[in-house]
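Visitor: Below is a structure I'd like to ask you about.
The values are calculated or read from the model by the stated rules, or taken from the named source; none is laboratory data. In this text the structure is predicted, and so the values were computed from the model without any measurement. Neighbour counts are summed over all protein chains in view; Cβ atoms, including those assigned to glycine, are modelled from backbone coordinates with ideal geometry.
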Amino acid sequence: MILSARYAVMRLVALIEEEAARNGYERITNIVITLGAQESISTHQLTSIFDEFRNNSLIKNSRLIIKKRSTLARCRYCGNIFEVLYVKNRCPMCGSTYMEFISDRGISVESVEGE
Ligand SMILES: [Zn+2]
């Protein structure tokens, strides 16, 4: 798990480097990353893995903001898609408890700011 997380962070850093090159940034100030609701890595783990890459001068002093996306479910009765706030949630449209969770994995870069 940690190995694949390290690989994911490596890919993120590569994306950030591309974005910096495209915008002519010499250093990155802010990075916003979104984390899928079903992603097993925590924001804390992600932050500490990211910190291992800070010997890269481009991101050395950047601020990393991680947004965890909320869990979504689809009601199997009426098809409504809603945010699951607690395990025994019901569909807010029809009240059914017959639902399937929508898989939401992956780590992606939402925005990069630099100068
Ligand atoms: Zn429903």
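Visitor: When residues of the range 1-60 are filtered for being small (Gly, Ala, Ser), closer than 30 Å to TYR86 by Cβ and touching a residue at least 60 places away in the same chain (Cβ under 8 Å), how many remain?
Guide: Residues in the range 1-60 being small (Gly, Ala, Ser), closer than 30 Å to TYR86 by Cβ and touching a residue at least 60 places away in the same chain (Cβ under 8 Å): 3 in total.
Visitor: Among the residues of the range 16-26, is any over 18 Å from the mean Cα position of the chain (by Cα), part of a strand (DSSP E or B) and not acidic (Asp, Glu)?
Guide: Taking every residue of the range 16-26 in turn, none turns out to be over 18 Å from the mean Cα position of the chain (by Cα), part of a strand (DSSP E or B) and not acidic (Asp, Glu).
Visitor: Report yes if some residue within the range 94-104 is in contact (Cβ under 8 Å) with a residue 60 or more places away in the chain, surrounded by fewer than 14 Cβ atoms within 10 Å (Cβ to Cβ) and touching a Phe, Trp or Tyr at 6+ places or on another chain (Cβ under 8 Å); otherwise report no.
Guide: no
Visitor: Among the residues that make up the range 86-93, is at least one of them touching a strand residue (DSSP E or B) at 6+ places or on another chain (Cβ under 9 Å), of a type in the set (A, V, I, L, M) and surrounded by 14 or more Cβ atoms within 10 Å (Cβ to Cβ)?
Guide: Narrowing the range 86-93 to residues touching a strand residue (DSSP E or B) at 6+ places or on another chain (Cβ under 9 Å): 89-93.
Subsequent filtering for residues that are of a type in the set (A, V, I, L, M) retains 93.
In the following step, the residues that additionally are surrounded by 14 or more Cβ atoms within 10 Å (Cβ to Cβ) were identified as none.
No, every residue in the range 86-93 fails to be touching a strand residue (DSSP E or B) at 6+ places or on another chain (Cβ under 9 Å), of a type in the set (A, V, I, L, M) and surrounded by 14 or more Cβ atoms within 10 Å (Cβ to Cβ).
Visitor: In addition: Residues that are loosely packed, with under 15 Cβ neighbours inside 10 Å, outside any loop (DSSP other than H, G, I, E, B) and touching a Gly at 6+ places or on another chain (Cβ under 8 Å): does the range 5-15 have at least one?
Guide: No - not one qualifying residue is present in the range 5-15.
Visitor: List the strands (runs of 3 or more DSSP E) inside the range 40-114, counting only whole elements, that have at least 2 residues being more than 13 Å from the ligand (Cβ to nearest atom).
Guide: 63-68, 99-102, 107-114
Visitor: When residues of the range 75-87 are filtered for being among the charged types (D, E, K, R) and within 18 Å of the chain's Cα centre (by Cα), how many remain?
Guide: The number of residues fulfilling the criteria is 1.
Visitor: Residues in the range 27-74 that are within 10 Å of the chain's Cα centre (by Cα), basic (Lys, Arg) and surrounded by 14 or more Cβ atoms within 10 Å (Cβ to Cβ): how many?
Guide: Residues flagged as within 10 Å of the chain's Cα centre (by Cα), basic (Lys, Arg) and surrounded by 14 or more Cβ atoms within 10 Å (Cβ to Cβ) within the range 27-74 amount to 2.
Visitor: Among TYR86, TYR77, which is farther than 30 Å from LEU15 by Cα, out of contact with any Asp or Glu (no Cβ under 8 Å at 6 or more places or on another chain) and at pLDDT 90 or above? Give the steps one after another, and end with the answer.
Guide: Working: TYR86 fails: at pLDDT 90 or above.
That would be TYR77, the only listed residue that is farther than 30 Å from LEU15 by Cα, out of contact with any Asp or Glu (no Cβ under 8 Å at 6 or more places or on another chain) and at pLDDT 90 or above.
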